[in-house]
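Right, I'll just put the structure down here and ask away after.
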Amino acid sequence: MKEIIKNISNEIVINKSKFITNIYKVKSILEVKQILENLKKDYKDATHICYAYSIGAIKKASDDGEPSHTAGMPILNVIEKNELNNVLAVVVRYFGGIKLGAGGLTRAYSNSISKALELADITDEKNMIKIRIEFDYRNQNEVNYILKDYNISYKEYDDNIIYEFEYEDGIYPSELDKYIIKKEMV
């Protein structure tokens, strides 16, 4: 699978209808819901706000009032064709007065997403794993040396020291196995 590196925006006009495309890098359905709520506020005068997303095995598409399968599914098809994951693609449509028909709508939504993806930086998806380790103060220098190239996102100093950091699956400092408290996919 692949993912976009940063969010993308693009706009095209087809037969006087304006199609504003926003593609977001997302990690959760809650994040998707928050983005959609904000877009509905930002574009409250839009005719349609159609979208599709793919997060792991979860995929969803919405036509938002367009004829069935003329907006959300074409958006999702472009996402799948490009093998994208952890992505939300939204197309905001302002009707321009000329009806496009079912085939025209399908092409318009597909083209809108495809044009936006031409602007995207796409990379192979990396499986990140978050790890939490606990160790004695006397091991701090050793652990800090092993983790010198990692971003430690959390540090706690109490009876022992606790660190949290992320690493790319397959690139793990195995010298830390004896300190692991918790390990989870991000």
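Enumerate the amide H contacts of E11 below 5 Å, restricted to partners 5 or more residues apart or on another chain; note that Pro and chain-start residues carry no placed amide H.
Answer set, sorted by chain and number: T21.
Relative contact order for the chain: what is it in percent, counting Cα pairs under 8 Å that are at least 6 residues apart? List each step's numbers first, then the result.
Numbers: 352 pairs, mean separation 45.0, N = 186.
Relative contact order, the chain: 24 percent.
If I fit a long axis through the Cα atoms of helix 29-42 and take the longest principal axis of the Cα atoms of the chain, what angle between them do I get, 0 to 90°, rounded to 10?
40 degrees
Follow-up. Residue by residue through region 106-119, what is 3J(HN,Hα) from phi via Karplus (6.51 cos²θ - 1.76 cosθ + 1.60, θ = phi - 60°)? Round to whole Hz and write x for glycine and proline.
In residue order, the calculated couplings are 4, 5, 4, 5, 4, 5, 4, 5, 4, 5, 5, 5, 5, 8 Hz.
Which angle between 0 and 90 degrees, to the nearest 10, do you get for helix 72-81 versus the longest principal axis of the chain when only C-alpha atoms count?
50 degrees
For K99, list the aspartates and glutamates whose Cα falls under 12 Å from its own Cα; do not include residues on the same chain fewer than 8 positions away.
Cα-Cα hits under 12 Å: E66.
Could you tell me which GluC sites (Glu not before Pro) in region 1-106 are loop residues by DSSP with no more than 13 other beta carbons within 10 angstrom of their beta carbon?
E83
Just to be sure I follow the definition: excluding the sites themselves, where is the longest run in the chain that has none of the trypsin sites (Lys or Arg not before Pro) in a DSSP loop with at most 16 other Cβ atoms within 10 Å?
The longest such stretch corresponds to 45-98.
Sort all Cα-Cα distances of region 1-157 into consecutive 5 angstrom bins from zero, then give the percent of pairs in each bin up to the one containing the longest distance.
Histogramming region 1-157 at 5 Å steps yields 2, 9, 17, 18, 15, 10, 7, 6, 5, 5, 4, 2, 1, 1, 0 percent.
Readers should treat all values here as calculations from the given coordinates under stated rules, not as data from a laboratory. A quick note: this is a predicted structure, and the numbers were derived from the prediction, not measured. FYI the Cβ positions are ideal-geometry reconstructions off the backbone, even for glycines, and counts take in every protein chain you see.
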